[in-house]
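For reference, the structure discussed in these notes is given below.
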Amino acid sequence: MQLSDAIRKRINNLLKINNMNIWKLYKATGVSASTLSYFMSGKRELINLKTLLHICEGFEISLKDFFDDPLFIDVEQD
């Protein structure tokens, strides 16, 4: 699996776990809804690490917790 796909899947899983959608994530993080939507839809392939940190803060987890998931065991470079 490509890294960006694994990140998308992880965000989707966290959205479900936290009963959130992109709008609620935007409100919790301050990351623009368009940035979130473009990345999640695949229109934007890469995500900035600083943006990912804000997303983690919105979920109230650390970057370590974000990447501590089996999705990231065998990821490939984009």
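The values are calculated or read from the model by the stated rules, or taken from the named source; none is laboratory data. Please read all numbers here as calculations on a predicted model, not as lab measurements. Here Cβ is always computed from backbone atoms with ideal geometry, including for glycine, and neighbour counts include all displayed protein chains. What goes into the accessible areas is simple: the full protein's heavy atoms, side chains included, and nothing from ligands, DNA or RNA. Shrake-Rupley method; radii C 1.70, N 1.55, O 1.52, S 1.80 Å.
If you roll a 1.4 Å probe over the heavy atoms of the protein chains, what accessible area per residue do you get for the chain, in Å²?
Details: 5030 Å² over 78 residues.
It amounts to 64 Å² per residue over the chain.
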### Task
Round to a whole angstrom and tell me the spacing of the C-alpha centers of the stretch 49-78 and the stretch 17-45.
14
### Task
Would you work out which of ASN48, ILE11, TYR38 lies farthest towards the positive end of the dipole of the chain, given +1 charges on the beta-carbon of Lys and Arg and -1 on that of Asp and Glu, about the Cα centre?
TYR38
### Task
Please give the calculated 222 nm ellipticity per residue for the chain, where each DSSP H segment of at least 4 residues contributes -39500 (n - 2.57) and the sum is spread over every residue; nearest 500 deg cm²/dmol?
-18000 deg cm²/dmol
### Query
Looking at the P(r) of the chain, how many percent of alpha-carbon pairs lie beyond 17 Å?
39
### Task
Using a 1.4 Å probe over the heavy atoms of the protein chains, calculate the carbon and sulfur portion of the accessible area of the chain as a whole percent.
52
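How large is the charge dipole for the chain, taken about the Cα centre, if only the Cβ atoms of Lys, Arg (+1) and Asp, Glu (-1) carry charge, to the nearest 20 debye?
On the way: 10 positive and 10 negative charges, 87 e Å.
Dipole about the Cα centre, nearest 20: 420 debye.
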### Task
Compute the relative contact order of the chain as a whole-number percentage, counting only Cα pairs closer than 8 Å that sit 6 or more residues apart in sequence.
47
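Please go through the stretch 22-78 and write out the GluC sites (Glu not before Pro) that DSSP classes as loop and that have at most 10 other C-beta atoms within 10 Å. Numbers along the way, then the final one.
On the way: sites: GLU45, GLU57, GLU60, GLU76; in loops: GLU45, GLU60.
The qualifying sites are GLU60.
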